[in-house]
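As structure tokens, the structure follows; a few thoughts come after it.
Rule-based calculations on the coordinates, nothing more; no lab input. Small disclaimer: the values here were computed from a predicted structure and weren't measured. Using ideal geometry, Cβ is built from the backbone for each residue, glycine included, and neighbour counts are taken over all protein chains shown.
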Amino acid sequence: MKLEIYSDIVCPWCYIGKARFDKALKQLGDSVDFQVVWRPFELNPTMPTEGMCRKEYRTCKFGSWERSQEMDQEITAKAAADGLKFNLEKLERTPNTFNAHRLMWFAEPKGKQDAVADLLFKKYFEEAADIGNTDILVAIGVKAGLDENEVTAFLASNEGTSEVKAEEQVGIRLGISGVPAFVIEGDVIASGAQSPDQFAEILKRVYMAYQQV
């Protein structure tokens with residue numbers, strides 16, 4: 001059964017949600033069988049291709065740098081409770097994530113999409129890497145098991161651009177306005193970073209319901 005996760009790499013709740021979702025799948029073990037596919041959602045679709053100074057962007061978005069830092073401290077504490085170590089104070093730029101989504105699209109048929117997702121989140125939130133940078137994206141792809149020459153050529157091309165934009169439009173038509181959002185057969189079954197137990201309950205209930213159809 002295909003389960004689609006709409007997310008954006010710069011969304012902290014998407015990273016936390018992935019950690020909790022993975023724990024739920026481990027809890028359920030062989031009682032469910034999902035094919036997880038990552039779908040694109042851009043929190044900042046008008047972000048310049050080269051990204052922006054994070055301090056400037058966040059100050060404008062939240063009214064002050066002090067408020068942004070408070071929010072960073074709050075989400076860092078929540079992430080730590082799930083075993084994730086955020087280093088948001090080291091981030092210098094808010095990136096454009098479209099090419100990161102293209103890389104995820106490229107990795108899907110090669111069976112490396114989940115590995116790429118893990119590395120993108122880790123590089124951004126824990127290592128403060130600029131995931132809008134092509135060299136960093138190539139390195140992530142290679143570490144995930146993709147061929148370096150293929151990834152380099154892909155990112156230098158326009159391949160996947162129209163497909164990723166089309167997938168974004170599907171999410172909009174589904175009514176998704178915030179992420180993470182979890183979708184099965186066109187139905188949004190969960191949104192936000194549920195607890196592992198909540199995820200497990202939802203996944204098991206939905207899986208059993210579809211098995212009976």
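Structure above, values below:
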| item | result |
| --- | --- |
| W105, W65, W38 arranged by Cβ crowding within 10 Å, fewest neighbours leading | W65, W105, W38 |
| Debye, to nearest 20: dipole size of segment 93-195, +1 on Lys, Arg Cβ, -1 on Asp, Glu Cβ | 200 |
| Cys with no candidate disulfide partner in the chain (beta-carbon separation under 4.7 Å rule) | C53, C60 |
| For the chain, calculated [θ]222 nm from helices alone, where every DSSP H run of n ≥ 4 adds -39500 (n - 2.57) | -16000 deg cm²/dmol |
| For segment 41-55, Karplus couplings with θ = phi - 60° (6.51, -1.76, 1.60), whole Hz, Gly/Pro x | 8, 9, 5, 10, x, 9, 4, x, 3, 7, x, 9, 4, 5, 4 |
| Vicinal HN-Hα couplings computed from phi for segment 117-123 (Karplus, 6.51 cos²θ - 1.76 cosθ + 1.60; Hz; Gly/Pro x) | 4, 4, 5, 4, 4, 4, 4 |
| Per principal axis, descending, Cα span of segment 25-115 in whole Å | 48, 32, 18 |
| Antiparallel bridge percentage (DSSP; both residues within the chain; nearest 5) | 60 |
| Sorted by Cβ density within 10 Å, fewest first, the residues T161, T46, T152 | T46, T161, T152 |
| Net length gained if the chain between Y210 and N158 were fully extended (0.36 nm per residue, minus Cα distance) | 15.0 nm |
| Value of relative contact order over segment 2-211, rounded to a whole percent, pairs C-alpha under 8 Å and six or more apart | 33 |
| Cα-only Debye scattering, segment 162-204: base-10 log of I(q)/I(0) at q = 0.16, 0.23 Å⁻¹ | -0.47, -0.80 |
| Low-density loop cleavage sites - GluC sites (Glu not before Pro) in segment 1-76, where at most 15 other Cβ are within 10 Å (DSSP) | E50 |
| Inter-centroid distance (Cα atoms) of segment 106-122 relative to segment 16-85, Å | 16 |
| For segment 70-77, Karplus couplings with θ = phi - 60° (6.51, -1.76, 1.60), whole Hz, Gly/Pro x | 4, 5, 4, 5, 5, 6, 5, 5 |
| Contour minus Cα-Cα distance for E150 and C53 (0.36 nm per residue) | 31.9 nm |
| Kirkwood Rh in Å, taken over all unlike Cα pairs in the chain | 17.9 |
